[in-house]
Amino acid sequence: MGEPAQKRLVRKLDLERFLAQIRPHPSPNVRLEQYTTPTSVAATMLYLAAYTYGAIINKRVLDLGCGTGRLALGCAFLGAKSVVGIDIDKLAVKLAAENSDRLGFKTKVDWITGDINAVAGKFDTVLQNPPFGVQKRGADRIFLEKALQVADAVYSLHNHSFTDETLAGRLKHANLLQAEASPFIARFVEKHGGIIKAVYALPLNIPHMFDFHTKARREVIIDLYVIRKANKAS
């Protein structure tokens with residue numbers, strides 16, 4: 001599959017079909033909280049960033065904790081100028097490169113094996129699905145801090161911090177709803193020079209992946225944070 005025309009509006013269905021072709025990690029690491037971003041969640045996140053906020057097409061994009069490349073390759077498919085994906089897991093990066101080659105984006109995405117603290121330079125946009133901090137407290141904050149260091153716009157997924165039965169009920173009939181920011185994340189973002197422009201709640205189905213999972217499938221709510229650097233917030 002070749003690269004799409006830069007000015008063509010990509011249908012969300014076509015984006016979902018493309019993302020579904022990206023092979024997931026065969027042996028995810030619980031310590032690294034390697035949950036594959038579901039196709040529906042990735043498509044919603046990418047579509048919002050691209051067409052509501054204009055943050056992907058012809059932009060320099062970074063995917064922190066790229067896994068096997070779902071968000072990074074989605075950005076390339078939508079028409080990013082350049083994309084970099086980085087992950088500490090060598091196998092994940094190897095699979096991301098294989099996915100990239102197989103889907104026709106070998107020259108569009110650069111893959112790096114390493115800790116995200118090694119990232120330097122300047123990007124227009126960061127998209128990320130960081131660890132939620134269940135296994136290592138504050139792991140998501142490390143990703144947020146790095147994202148705000150290197151990019152003007154950040155799209156980041158986080159665990160929904162409220163128990164909200166009403167929101168959960170509404171999400172059964174919608175795949176995206178506006179939500180309130182976590183006070184802790186709001187303070188953290190402000191401390192590191194960012195402004196939260198919007199928060200969107202999304203439903204997430206987690207399949208049975210690890211030994212501590214007690215159900216075949218668990219439904220949770222996650223939040224997509226749309227963040228801008230304070231001096232680029234307009």
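None of the figures in this text is laboratory data; all of them are computed from the coordinates on show. Quick caveat, the model's predicted, so the values are computed rather than measured.
Once a ≥ b ≥ c are taken as the square roots of the eigenvalues of the Cα gyration tensor of the range 38-153, is the result rounded (a/c under 1.5), prolate (a/b larger than b/c) or oblate (a/b not larger than b/c)?
rounded
Would you compute, for the Cα atoms of the range 36-97, the largest minus smallest coordinate along each principal axis and list the three values in descending order, in whole Å?
33, 23, 15
So which of K12/K122; K106/K191; K59/K106; K94/K197; K90/K191; K122/K191 end up more than 27 Å apart by C-alpha?
The answer is K12/K122; K106/K191; K94/K197; K90/K191.
Work out, step by step, the length gained on full extension between L13 and I88: first 0.36 nm times the residue separation, then minus their alpha carbon distance; give nm to one decimal.
23.9 nm
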